[in-house]
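The values are calculated or read from the model by the stated rules, or taken from the named source; none is laboratory data. Note that the structure is predicted; figures quoted are calculated from it, not measured. Here the Cβ positions follow ideal geometry from the backbone for every residue, glycine too, while neighbour counts run over all protein chains shown. Heavy atoms of the whole protein, side chains included, go into the accessibility calculation; ligands, DNA and RNA do not. Shrake-Rupley method; radii C 1.70, N 1.55, O 1.52, S 1.80 Å.
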Amino acid sequence: MAGAARTPAFGQAVIGPPGSGKTTYCLGMSEFLRAMGRRVAVVNLDPANEGLPYECAVDVSELVGLSDVMDALRLGPNGGLLYCMEYLEANLDWLRAKLDPLRGHYFLFDCPGQVELCTHHGSLRSIFSQMAQWDLRLTAVHLVDSHYCTDPAKFISVLCTSLATMLHVELPHVNLLSKMDLIEHYGKLGGISWFEAIRV
């Protein structure tokens, strides 16, 4: 119907440092939502992410690949990743053309792990802001490796990074500790185990 309001879409922007479990989270969350009968579209926004374990509805590497950028422009991994995000920001019509047919799905965006993208570089925030203009309503899910809880200095550092990310990305924000099943490998917290602390 001409002039009809666009139905809003919803999803999660999964962010966090490298190795925090973003791709594994997207795999698990997509399987969980599908088991509940939801239609899910996982979107890989990380051009360095290879060998994806989930069914990928949209893959940014079809637009720009990190290895190609590094070879062509003689950039390192960090500079190459920043360039890739700036290239995506400049070509959002490509992303919109990929997302529009998926209206009615719940979106999971698997984002790059470079911390700068979420704390002070503008491209990722600009991409999220443009998605809001398309009536795509996102929540940032910020994953942090749970082993940072075992050291006070690291924990304070993670809190500061999470706060900086929350302020910069400008999305509703949820912080999650990942890899809780591995935390016992890093020792006990305050003389008792993590699971004992939970029971207390």
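Overview of results
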| item | result |
| --- | --- |
| Residue within the range 53-66 that is more than 28 Å from Asp93 (Cβ to Cβ) and open to solvent by less than 90 Å² (accessible area, probe 1.4 Å) present | yes |
| The range 151-162 residues that are within 18 Å of Glu116 (Cβ to Cβ) and modelled with pLDDT under 90, paired with ones that are among the hydroxyl-bearing types (Ser, Thr, Tyr) and open to solvent by less than 80 Å² (accessible area, probe 1.4 Å) (beta carbon under 6 Å, 6 or more apart) | Val158/Tyr148 |
| Candidates Leu92, Leu102 - the one that is free of Cβ contacts under 8 Å to residues at least 60 places away in the same chain, open to solvent by 10 Å² or more (accessible area, probe 1.4 Å) and under 22 Å from Leu171 (Cα atoms) | Leu92 |
| Whichever residue in the range 161-184 is farther than 19 Å from Leu124 by Cβ and within 18 Å of the chain's Cα centre (by Cα) and, among such residues, is least open to solvent (accessible area, probe 1.4 Å) | Ser178 |
